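Participant: Structure below; questions to follow.
The values are calculated or read from the model by the stated rules, or taken from the named source; none is laboratory data. Given the structure is predicted, the values throughout are model-derived calculations rather than measurements. Note that we place each Cβ from the backbone using ideal geometry, even for glycine, and neighbour counts take in every protein chain shown.
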Amino acid sequence: KPIKHRTVTIIGAGPAGAVAAALLKRKGHEVLILERQQFPRFSIGESLLAHCLEFIEEAGMLPAVQAAGFQIKNGAAFGWGDRYTWFDFRDKFSPGPGTTFQVQRAHFDQIMANEAMKQGVEVRYRQEVISADFSNSNPILTVRDLANSNIIYQVQSEYVLDASGYGRVLARLLDLESPSSFPPRKAIFTHIEDRIDDIQFDREKILISIHPQERGIWYWVIPFSSGRSSVGVVGKSALIAPLEEGSLATLRRLVDEAPNLKRILHNAVWDTPASTMSGYSANVTRLHGPGYALLGNAAEFLDPIFSSGITIALRSAKLAAEALHRQLSGETVNWETDFSQPLQVGVETFRAYVEGWYSGEFQDLVFYEKAQPGIRRMISSILAGYAWDTTNPFVAEPRRRLRTLSELCRQSPQR
Ligand code: FAD
């Protein structure tokens, strides 16, 4: 088989791959990205958090993202029956950006990959990594060239970063998969022409709504700048799709069951088939090994509720790029203390709040009108993605803080 040689090979040109590649290239390393699909391609995950713009800026991609005309996002709103509340990311505990974007991922991911290419990263589309050999010090990936009669070739590198997202390439090939701590849930989603005319509806915030009777079912509305929105519903399969009615019909039926959504979307044009994803929560036994590290969704994915996926993916890209730069410069790197553990600080924060969301504790807290402004600012920080800021007590001790506050909510019910 023909063999190519590159210093670093990255599997996948999504946000994690593009940012890791650009950060390494900016430090002078030769980087190749192998991407199975042709961009632009659809991906789910359209609401960014404010913190992730810091990594996009560091990778030299912020001006291009800002120039693309994406919908500005400044917070998260929550609806449940006739209750409505919101958190503004500009009013938060941690320093850092207070606004971000809601993006059509096909366009956003294309911009990020193009920006990496402009900086000298080699991006090869329609190249599928099909096997991996880490038995010697310079790992070898076997690749199928989907653009060229499925020709098989190999790439040997000093290091491989797996940013293959739901492809989970190295987790599968190296037998690293481990079950998520979360039960399997399902998402049904589509894009609509929203025609929202409710004057109170805020296009600059993601709207998260809860099913009036079944608190385990929740919805997103993510408005784009084009007059269209992403709409989705999440819950255990048995709760949201027990009928054989087709995905779009299920989504529309469930939207109609939530009075606030039924009202807001009363004029919507449902012109696109719905897609489904299930069992997306996943984990791995380790985030790194000799010659490789796993980034973003190729490692662990928690849950979509806090839109934390891309922020975690970009944080992992930054930490891995820094560690790998030092290693390629001849330093000894401890990937456990320099990559895995620092990444887990924020992942564990989000994990605690995802658990709290589905137990109902965090939902109670979100709608707790008597919460002090200081506490709401700390929660706003986490919702904006600053889940690694351990000066925030809600990051330092998420479970204890959540428990204490939810007891308070229960002792002083609002109605
Ligand atoms: P991806 O963006 O998935 O990119 C991986 C790339 O690797 C793909 O382009 C793929 O083609 C390529 N690839 C795969 N296999 C191979 C192979 N064998 N060879 C070569 N290339 C390969 N996150 C948010 O931040 N905000 C949200 O609002 C949000 N909503 C979500 C809603 C749902 C229902 C779900 C399930 C997730 C949501 N997420 C959200 C999470 C988000 O989708 C991911 O966290 C994010 O896309 C991860 O980026 P990534 O770069 O790790 O992987």
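Participant: I want to confirm something. Restricting to the stretch 95-153 and keeping residues that are within 15 Å of Thr9 (Cα to Cα) and exposed (fewer than 15 other Cβ atoms within 10 Å of the Cβ), which single residue is nearest to the ligand (Cβ to nearest atom)?
Facilitator: Looking at the filtered set, the residue picked out is Ile130.
Participant: On to the next question. Any idea how many residues of the stretch 1-59 are over 30 Å from Gly75 (Cβ atoms), acidic (Asp, Glu) and within 12 Å of the ligand (Cβ to nearest atom)?
Facilitator: Matching residues across the stretch 1-59 total 1.
Participant: Also: So if I check each of Ser237, Ser316, Ser209, which one is in contact with a strand residue (DSSP E or B) (Cβ under 7 Å, 6 or more places away or on another chain), crowded, with 22+ Cβ neighbours inside 10 Å and in contact (Cβ under 8 Å) with a residue 40 or more places away in the chain?
Facilitator: Ser209
Participant: Here's another thing I want to ask about it. Which ones in the stretch 33-50 are surrounded by 24 or more Cβ atoms within 10 Å (Cβ to Cβ) and part of a loop (DSSP other than H, G, I, E, B)?
Facilitator: Within the stretch 33-50, Glu46, Leu48, Leu49, Ala50 qualify.
Participant: Is there a residue in the stretch 251-262 that is surrounded by fewer than 16 Cβ atoms within 10 Å (Cβ to Cβ) and among the aliphatic types (A, V, I, L, M)?
Facilitator: No.
Participant: If you check every pair at least six apart or on different chains, which have Cβ atoms under 8 Å apart with a residue in the stretch 10-39 that is among the basic types (Lys, Arg) first and a residue that is part of a helix (DSSP H, G or I) and at pLDDT 95 or above second?
Facilitator: Lys25/Ala116; Lys27/Ala321; Lys27/His325; Arg36/Gly167
Participant: Something else about it: Of the numbered conditions (1) assigned to a helix (DSSP H, G or I); (2) buried (at least 20 other Cβ atoms within 10 Å of the Cβ), Gly385 fails exactly one; give the number of that condition.
Facilitator: For Gly385, the failing item is (1).
Participant: Also, I was wondering about something else. When residues of the stretch 292-313 are filtered for being touching a strand residue (DSSP E or B) at 6+ places or on another chain (Cβ under 7 Å) and small (Gly, Ala, Ser), how many remain?
Facilitator: Total meeting the criteria: 5.
Participant: Would you be able to tell me the number of residues in the stretch 359-409 that are in contact with an Asp or Glu (Cβ under 7 Å, 6 or more places away or on another chain) and β-branched (Val, Ile, Thr)?
Facilitator: Final tally of qualifying residues: 1.
Participant: Can you find a residue that is over 17 Å from Ala317 (Cβ atoms), touching a strand residue (DSSP E or B) at 6+ places or on another chain (Cβ under 8 Å) and free of Cβ contacts under 8 Å to residues at least 24 places away in the same chain anywhere in the stretch 93-109?
Facilitator: There is no residue in the stretch 93-109 that is over 17 Å from Ala317 (Cβ atoms), touching a strand residue (DSSP E or B) at 6+ places or on another chain (Cβ under 8 Å) and free of Cβ contacts under 8 Å to residues at least 24 places away in the same chain.
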